[in-house]
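Chemist: Sharing a structure with you now.
Just so it is clear, none of the values below were taken in a lab; they were calculated from the coordinates. These numbers come from a predicted model, not from an experiment. Cβ: placed from backbone, ideal geometry, glycine included. Neighbour counts: every protein chain shown.
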Amino acid sequence: MAMTDTQTAPARPQADGAPVLTVRDLAVTFETPDGAVEAVRGVDFELRPGECLGIVGESGSGKSQSALAAMGLLARNGTATGRIDFLGNDMLAASDRELLKIRGNDMSMIFQDPLTSLTPQLRIGQQMREVLEIHRKLPRKEADRICIEWLEKVRIPEAERRLRQYPHELSGGMRQRVMIAMAMLCGPRLLFADEPTTALDVTVQAQVLDLMDDLKRDTGTAIALITHDMGVVARMCDRIIVMRHGRVVEAGTAEEIFGNPQHDYTKILLDAVPRIDKVKRSGKGEIDIDAGRGEEPLLKVRDLNVHFDVRMRGGLFGTTRKLRAVDGVSFDLRRGETLGVVGESGCGKSTLARGVLNLIPPTGGTVAWLGRNIAGSDRQQMKALRKDLQIVFQDPLASLDPRMTIGASIAEPLQVHTPEMRGAERAAKVREMLNRVGLDPAMINRYPHELSGGQNQRVGIARAVITRPKLVICDEAVSALDVSVQAQVVDLLIELQKTMGLTMMFISHDLSVVREVSHRVMVLYLGRVVELAGRDAIYTDARHPYTKALIAAVPVPDPERERARERVRLSGDLPSPLDTRAPLRFLKSVVKDDPVAEQYRPKLVEVAPEHFVAEHDPGLGSEGLRA
């Protein structure tokens, strides 16, 4: 794998020449059983070669539909009016045959979810070759050569082998990079990137953004970046249009929008953005920084292990290897405190949460809850404890029963843990909780599909806290929400912690949000703790190279600062957790060169009061991350 390096972001080239795309008075309307829905209303913008235009706004603002209209990919019940001129082609009047020649060749799109955009039953190579066969009529051997070349450009290791793999065999970050490579195969003049980094780890996000910036600079491709992440916009975009309810409410250069926003909605968006360089958003509530200080821990986790046996191919019967998802994690959690847990996908964050709650039986170690070891307790023993131990899952829609009203879902914990409570009393309690989490009590009889993502997340929180638990684990509870809804949910969690005395574990890959809600932060790398310290110490005095790399990868919503700051360029993905050498990327001096041998376990050293750092080689920089 390629090494990493640290560099200052290069100055952005000035876009010049005639516009590649001109959009005038675009309107998109959908016919539904409830009548016509106007998704886009009179939108104007243009895009020049080598320029990146940010199209920002929250869900439902019309961002994606504007791009789909330009691509000729609207749903059957949608119609578009106005004019979309792409290199002299009227895209709204073009025939299907003409659109087929343009799409994938001169105009491409990176869709938001690569797993649903890639065909699951076709190998990566088959899907990539199809683009070149349609537009370039290339023979298979030549097409494979170009596919491998582009997979290497998007920094996918073992590119030739990846052509033979299926989408489900790749990580989210690798699938996203496959989508970028596929979109760029024919050297398009225009690239639409629809939320290309949503839900990606910050390190993978940094790789994807660097790649797109390099492609723009090297090929002159114009990029329309559709996102609600203002940090990404500050890093990538030359100009910005802000959309709300299908209209453009403000447009300008990145410096104008961030430095002197004019529209109230733009100001609301910018105020809601969590910043890694600031402890809290302006005017918002702050956690009680002294919560839990001096108290005995409610939860003591010692040397917790969660291992899985993985069947490997090879030989007559294959072999079994041990995947160490959580490998010797120890920490304390005090009453009223929030512990932030961060790290890349695959580092063991969610598995740790489930191991602590005994939703996955630990294979070793202890989880002492109020002095009693609950690791390995059976279902009946855990049932008595569930009232005090609750979790808010990442996807609220998937964790709510679609056949139950939200009132029934919120009331279910009361039925299980307080069966003596009468129905009318339960309903009153549910209405009170709905009001407390900022939802109208009149919504009690609605179903999950009738609510927005942010509303369903609030339902998940209400269900978790209605029994007044002592510990709540939030597993990526705000990762897929719009920035303003995310801010509301974060404020809600802080308020509930203060009023109900909640103790929380807050798991997230968004280090900016973690800074707002956490008293202490624990950094995981391949199932092990590499740093554990108070919030301020982690963000201002990080000691471990992996922690430094995570923080350096987070974009700051300030164009001038983002361009001037030094950042770590990372390449490749996390090493395989099946390789016992992988957790020792930062302590190579003790590695045994055997992927199945028992390896040395780095110790946590207290480098300052309550600041613990895993042993690593002296003078090692973040380049150790991707050796």
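Chemist: Which is farthest toward the positive dipole end of the chain among 20, 507, 534, measuring Cα position about the Cα centre, with Cβ charges +1 (Lys, Arg) and -1 (Asp, Glu)?
Modeler: Farthest towards the positive pole: 507.
Chemist: What is the gain in length, in nm to one decimal, between residue 113 and residue 590 on full extension, counting 0.36 nm per residue of separation less the C-alpha to C-alpha distance?
Modeler: 167.7 nm
Chemist: Name the residues of the range 114-143 whose amide N is less than 17 Å from a point 7 angstrom out from the Cα of residue 100 along the C-beta direction?
Modeler: 130-138
Chemist: List every residue whose amide H lies under 5 Å from the amide H of residue 360, counting only residues 5 or more places away in sequence or on a different chain, with H placed 1.01 Å from N in the peptide plane.
Modeler: Result for residue 360 returns 355.
Chemist: Which pairs break 31 Å Cα to Cα here: 63/141; 267/300; 470/548; 278/322; 153/322; 63/278?
Modeler: As for pairs spanning more than 31 Å Cα to Cα, those are 63/141; 267/300; 470/548; 278/322; 153/322.
Chemist: Based on the mean of other Cβ atoms within 10 Å per residue, sort peptides 557-566, 186-195 so the most packed one is first.
Modeler: With the highest mean Cβ count within 10 Å placed first, the list reads 186-195, 557-566.
Chemist: Would you be so kind as to identify which of 330, 384, 398 lies farthest towards the positive end of the dipole of the chain, taking Lys and Arg as +1 and Asp and Glu as -1 on Cβ and the Cα centre as origin?
Modeler: About the Cα centre, the residue reaching furthest to the positive side is 384.
Chemist: Taking the radius of gyration and the Kirkwood hydrodynamic radius from Cα positions alone, what is the Rg/Rh ratio for the chain, to two decimal places?
Modeler: For the chain, the value is 0.97.
Chemist: Along the positive direction of the dipole of the range 111-185 (beta-carbon charges: Lys, Arg +1; Asp, Glu -1; about the Cα centre), which of 146, 119, 183 reaches farthest?
Modeler: Value computed over the given set: 146.
Chemist: For the peptides 146-156, 331-341, what is the packing order when you average, over each peptide's residues, the other Cβ atoms within 10 Å and list the highest mean first?
Modeler: 331-341, 146-156
Chemist: Tell me, how many Å apart are the Cα centres for the range 177-234 and for the range 395-429?
Modeler: 43 Å
Chemist: I would also like to ask the following. To the nearest 20 debye, what is the magnitude of the charge dipole of the range 111-185 about its Cα centre, counting +1 on the Cβ of each Lys and Arg and -1 on the Cβ of each Asp and Glu?
Modeler: 140 debye
Chemist: Dimensions of the range 371-425 along principal axes (Cα, Å, largest first)?
Modeler: Each principal axis gives a Cα extent; for the range 371-425 these are 36, 31, 16 Å.
Chemist: Give the long-range amide H neighbours of residue 40: residues separated by 5 or more places, or on another chain, with amide H under 5 Å away, using H modelled in the peptide plane at 1.01 Å from N.
Modeler: 28
Chemist: For a Förster distance of 25 Å, can you work out the FRET efficiency between the beta-carbons of residue 168 and residue 312, rounded to the nearest 0.05?
Modeler: FRET efficiency, residue 168 to residue 312: 0.90.
Chemist: Could you check what % of the DSSP bridge pairs in the chain are antiparallel, to the nearest 5?
Modeler: 65 percent
Chemist: What ³J(HN,Hα) values, in whole Hz, does the Karplus curve 6.51 cos²θ - 1.76 cosθ + 1.60 give for the range 92-100 when θ = phi - 60°, with x put for Gly and Pro?
Modeler: Karplus-based 3J(HN,Hα) across the range 92-100 equals 7, 9, 5, 7, 4, 5, 5, 5, 4 Hz.
Chemist: Okay, next question. Please give the contour-minus-distance gain from residue 87 to residue 249: 0.36 nm per residue of separation, less the Cα-Cα distance, rounded to one decimal in nm.
Modeler: Details: separation 162, 0.36 × 162 = 58.32 nm, distance 2.65 nm.
Working it through step by step, the gained length comes to 55.7 nm.
Chemist: When the chain is fully extended, how far beyond the present Cα-Cα distance does residue 395 get from residue 579, taking 0.36 nm per residue of separation?
Modeler: Answer, rounded to one decimal: 63.2 nm.
Chemist: Would you pull out the residues with amide H under 5 Å of residue 192's amide H, same chain only if 5 or more places away, H placed 1.01 Å from N?
Modeler: Residues meeting the amide H criterion: 108, 109, 110, 224.
Chemist: Whole-Hz ³J(HN,Hα) for each residue in the range 587-596, computed from phi via Karplus 6.51 cos²θ - 1.76 cosθ + 1.60 with θ = phi - 60°, x for glycine and proline: what do you get?
Modeler: In residue order, the calculated couplings are 9, 5, 5, 10, 6, 8, 7, 8, x, 10 Hz.
Chemist: Normalized C-alpha radius of gyration of the range 111-185, against 2.2 N^0.38 Å?
Modeler: 0.98
Chemist: Please state the charge dipole magnitude for the chain, taken about the Cα centre, from unit charges on C-beta atoms (+1 on K and R, -1 on D and E), reported in debye and rounded to the nearest 20.
Modeler: The dipole magnitude comes to about 1520 debye.
Chemist: Based on the mean of other beta carbon atoms within 10 Å per residue, what is the order of 404-415, 369-380, most packed first?
Modeler: Packing order, densest peptide first, comes out as 404-415, 369-380.
Chemist: So, one more: Which FRET efficiency value, to the nearest 0.05, is calculated for residue 452 and residue 600 with the Förster distance at 41 angstrom and r the Cβ-Cβ distance?
Modeler: With R0 = 41 Å, the Cβ-Cβ based efficiency is 0.25.
Chemist: Per the Kirkwood treatment, what hydrodynamic radius in Å, one decimal, follows for the range 326-475 from the mean inverse distance over all distinct Cα pairs? Mind dumping the intermediate values first?
Modeler: On the way: mean 1/r = 0.0601 Å⁻¹.
Taking the inverse mean of 1/r over all distinct Cα pairs, the range 326-475 comes out at 16.6 Å.
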